[in-house]
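Trainee: Okay, handing you the structure first.
Taken together, the values in this text are just the output of simple stated rules run on the coordinates, not laboratory data. What you see is a predicted model, and the numbers here were worked out from it, not measured in a lab. Here the Cβ is made from the backbone with ideal geometry for all residues, glycine too, and neighbour counts use every protein chain on show.
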Amino acid sequence: QVQLVESGGGLVQAGGSLRLSCAASGRTENTLAMGWFRQVLGKEREFVAAISRIGSSIYYADSVKGRFTVSRDNTKNVVYLQMNGLKPEDTAVYYCAADPVGTSKIRDARNDYWGQGTQVTVSS
């Protein structure tokens, strides 16, 4: 069993920054590729970013390139999403994702594990 717990969401003005964290626990936590999705109620889940098991491969949605940075600390089993230059259209519930196979499953939204989500609201 793997558990993912997000933190760091909140309310921020346009142009501001937030850093989300996702802590992984469980028996396979050292083997997990990880990433982030976001979703507005009633809309499709949207891929945001993914990072491979040792951080050598990183992927971003075009909408966040140059503004968001995904990173990980495998010693602490934590993945981060640093969000800079936030825009109102970034408002969503952000979900942590993880999979023992690799980033391809995450990019296809076929990952094995999901966090509970954390709300990010960007005001204008």
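Trainee: Counting only Cα atoms, I'd like the Rg/Rh figure for the chain, Kirkwood definition for Rh.
Mentor: Details: Rg = 13.3 Å, Rh = 14.1 Å.
Rounded to two decimals, Rg over Rh is 0.94.
Trainee: If the only charges are +1 at each Lys and Arg Cβ and -1 at each Asp and Glu Cβ, what is the size of the charge dipole of segment 1-109 around the Cα centre, to the nearest 20 debye? Don't jump to the answer; show the numbers that get you there.
Mentor: Working: 13 positive and 10 negative charges, 30 e Å.
For this selection, approximately 140 debye.
Trainee: If you don't mind, another one. Express in nm, to one decimal, how much length is gained between Ser17 and Trp114 on full extension, taking 0.36 nm for each residue of separation and deducting their alpha carbon distance.
Mentor: Working: separation 97, 0.36 × 97 = 34.92 nm, distance 2.36 nm.
Taking 0.36 nm per residue and subtracting the Cα distance, the gain is 32.6 nm.
Trainee: Can you compute the label reach from Glu44? Point 7 Å from Cα along the Cβ direction, backbone N cut-off under 16 Å, restricted to segment 79-118.
Mentor: Counting backbone N atoms under 16 Å from the label point, the list is 107-110.
Trainee: Express in whole angstrom the spacing between the alpha-carbon centres of segment 50-118 and segment 1-44.
Mentor: Each part reduced to its Cα centre gives a spacing of 7 Å.
Trainee: Rounded to whole Å and sorted largest first, what semi-axes of the equivalent ellipsoid does the C-alpha gyration tensor of segment 64-124 yield via the square root of 5 times each eigenvalue? Please report the intermediate quantities before stating the final value.
Mentor: On the way: eigenvalues 102, 39, 27 Å².
Result for segment 64-124: semi-axes of 23, 14, 12 Å.
Trainee: Additional query: For segment 1-58, what value does the Rg/Rh ratio take when both radii are computed over Cα atoms and Rh is the Kirkwood radius, given to two decimals?
Mentor: Values: Rg = 13.6 Å, Rh = 13.5 Å.
A ratio of 1.01.
Trainee: Between Ile54 and Gln1, what FRET efficiency follows from the Cβ-Cβ distance if R0 is 25 Å, with the result rounded to 0.05? Let's see the in-between values first.
Mentor: Numbers: r = 23 Å, r/R0 = 0.91.
My answer for the efficiency is 0.65.
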